[in-house]
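The values are calculated or read from the model by the stated rules, or taken from the named source; none is laboratory data. Please read all numbers here as calculations on a predicted model, not as lab measurements. When we count neighbours, we look across all protein chains shown, and the Cβ atoms used for this are built from the backbone with ideal geometry, even at glycine. With ligands, DNA and RNA removed, areas are computed over all heavy atoms of the protein, side chains included. Shrake-Rupley method; radii C 1.70, N 1.55, O 1.52, S 1.80 Å.
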Amino acid sequence: QVQLVESGGGLVQPGGSLTLSCIGSGFTFSSYTMSWYRQAPGKERDLVASIGRLGISTNYAASVKGRFTISRDNAKNTVYLQMNSLKPEDTAVYYCKRVYPDYWGQGTQVTVSA
């Protein structure tokens, strides 16, 4: 069965960095666009970044552009989200998503606080 398992979340101080990972299984990982979303308490789930099947095409939300980098390693069935210069407003549960047909991971909490 399809599975997406995120890891790498945690508590970090403002200005710090974290790298999230999402390992996919049960499907041909290299055939799908992959995305990261986030959902803060009381807010909608929003797109953070997406990456095409070959890892060449990427796009980012305006709020994270220049600070976050999405990448993938198809040999390891893994998509990454490198997050730098973290701000308190980046606090959220971060979800990995396989695109079309959509499938979600369980999420990993990122908390940015002093």
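Which members of the range 6-16 meet the condition of being in contact with a Ser or Thr (Cβ under 8 Å, 6 or more places away or on another chain) and either open to solvent by 30 Å² or more (accessible area, probe 1.4 Å) or on the phi < 0 side of the Ramachandran plot (or both)? Can you show your working first?
As a first pass, look at the range 6-16 and keep what is in contact with a Ser or Thr (Cβ under 8 Å, 6 or more places away or on another chain): 6-15.
The answer is Glu6, Ser7, Gly8, Gly9, Leu11, Val12, Gln13, Pro14, Gly15.
Among the candidates Ser50, Ser63, single out the residue that is under 22 Å from Pro14 (Cβ atoms), without any contact (Cβ under 8 Å) to a residue 60 or more places away in the chain and polar (S, T, N, Q). Lay out the reasoning, then the answer.
Values: Ser50 fails: under 22 Å from Pro14 (Cβ atoms).
From the options Ser50, Ser63, the qualifying one is Ser63.
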Would you call Ser50 surrounded by fewer than 17 Cβ atoms within 10 Å (Cβ to Cβ) and out of contact with any His (no Cβ under 7 Å at 6 or more places or on another chain)?
no
Looking at the structure I just gave you, is Thr33 exposed (fewer than 13 other Cβ atoms within 10 Å of the Cβ) and under 14 Å from Arg98 (Cα atoms)?
no
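Tell me the residue from Glu89, Glu6 that is outside any loop (DSSP other than H, G, I, E, B), farther than 16 Å from Gly107 by Cβ and of a type in the set (Asp, Glu), please. Before you say what the answer is, go through the steps one by one.
Details: Glu6 fails: farther than 16 Å from Gly107 by Cβ.
Answer to the check: Glu89.
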Run Gly24 past the list (1) more than 15 Å from Ile70 (Cβ to Cβ); (2) under 16 Å from the mean Cα position of the chain (by Cα) and report the number of the one that doesn't hold.
(1)
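Working carefully through the options Arg72, Arg45, Arg38, find the one that is modelled with pLDDT of 95 or more, crowded, with 19+ Cβ neighbours inside 10 Å, within 20 Å of Leu4 (Cα to Cα) and in contact with a Lys or Arg (Cβ under 8 Å, 6 or more places away or on another chain).
Values: Arg72 fails: in contact with a Lys or Arg (Cβ under 8 Å, 6 or more places away or on another chain); Arg45 fails: crowded, with 19+ Cβ neighbours inside 10 Å.
After ruling out the rest, the residue left standing is Arg38.
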Name, by its number, the condition in (1) polar (S, T, N, Q); (2) loosely packed, with under 13 Cβ neighbours inside 10 Å; (3) more than 11 Å from Leu20 (Cβ to Cβ); (4) in contact (Cβ under 8 Å) with a residue 60 or more places away in the chain that does not hold for Ser85.
(2)
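Would you confirm whether or not the range 65-72 contains a residue that is in contact with a Cys (Cβ under 8 Å, 6 or more places away or on another chain) and either of a type in the set (Val, Ile, Thr) or part of a strand (DSSP E or B) (or both)? Step through it out loud before you land on a result.
So in the range 65-72, the residues in contact with a Cys (Cβ under 8 Å, 6 or more places away or on another chain) come out as none.
No; the residues of the range 65-72 include none that is in contact with a Cys (Cβ under 8 Å, 6 or more places away or on another chain) and either of a type in the set (Val, Ile, Thr) or part of a strand (DSSP E or B) (or both).
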Among residues belonging to the range 100-114 that are open to solvent by 20 Å² or more (accessible area, probe 1.4 Å) and part of a loop (DSSP other than H, G, I, E, B), point out the one that is modelled with the lowest pLDDT.
Tyr100
